[in-house]
Amino acid sequence: MPIRLTGLGGLMPPPVWQELRSQGPLGHREAGRVLMRQGDPADHVLALVDGRVKVSQVEPDGIDLTIAVRHPGEVLGDIAVLRGGGRSATVTCVDPCQVHIIPGPAFERFVAKNSLSMLIIRHTLDRLHEAERYRAELTALPLSRRLCHALLRVAEPDGTGGAVVDAGISQEEFGRMIRASRNAVGQVLARLRRLGAVDTTRNRITIKDLALLRACATDDFPAS
């Protein structure tokens, strides 16, 4: 079954995505490998064709915050190349990944040839809106709802109506994502287990009832 593309690659016509891939060699990167580091010079982009990556930023207060998990179809580092300057985030492989490594000048020529500037701007605005919504959650929502939103953000459908959170993100990292301690995350997960919304094993969270978890992410958090 073909991989469903997300991100910028999912917005491009398939022949344009294939043309982008042809602009640079295919590289294989192991799980845990840092692909891009916040602050580094931006001289290339990466087209993710297999595997998942997590995107993190060091906040002004020094907290290393995981902000997203990205899937095949993502073009990583495009804005930094187009605007110049350093990388705005760190990108790390969750799984073994395959990426096409595209030099910055080749990417700029590709964008101009295919008149992709407006598509990239719209996609970037969507990502900015996503980041703003995430940061608003951190300041406005109680802990239990913040965790539910974080789980839903990184969950993947399991093909049976449920979903799996298996993004290489520990309870401690989830805590940093929602500005809470590891113990506090564990307490909310225990409550969600009692409700039947999730099940947990080592390094994996299975969402058993997506509708219930979505309800828990709203004002309708059921009593345990």
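The values are calculated or read from the model by the stated rules, or taken from the named source; none is laboratory data. A quick note: this is a predicted structure, and the numbers were derived from the prediction, not measured. So basically every Cβ, Gly included, is an ideal-geometry build from the backbone, and we count neighbours across all protein chains shown. Heads up: the accessible areas ignore ligands, DNA and RNA and are worked out on the full protein's heavy atoms, side chains in. Shrake-Rupley method; radii C 1.70, N 1.55, O 1.52, S 1.80 Å.
Within the set ILE102, ILE79, the sole residue that is touching a residue at least 40 places away in the same chain (Cβ under 8 Å), β-branched (Val, Ile, Thr) and open to solvent by less than 20 Å² (accessible area, probe 1.4 Å) turns out to be ILE102. For the stretch 209-224, the set of residues classified as more than 18 Å from GLY186 (Cβ to Cβ) and modelled with pLDDT of 75 or more consists of ASP209, LEU210, ALA211, LEU212, ARG214, ALA215, ALA217, THR218, listed by residue number.
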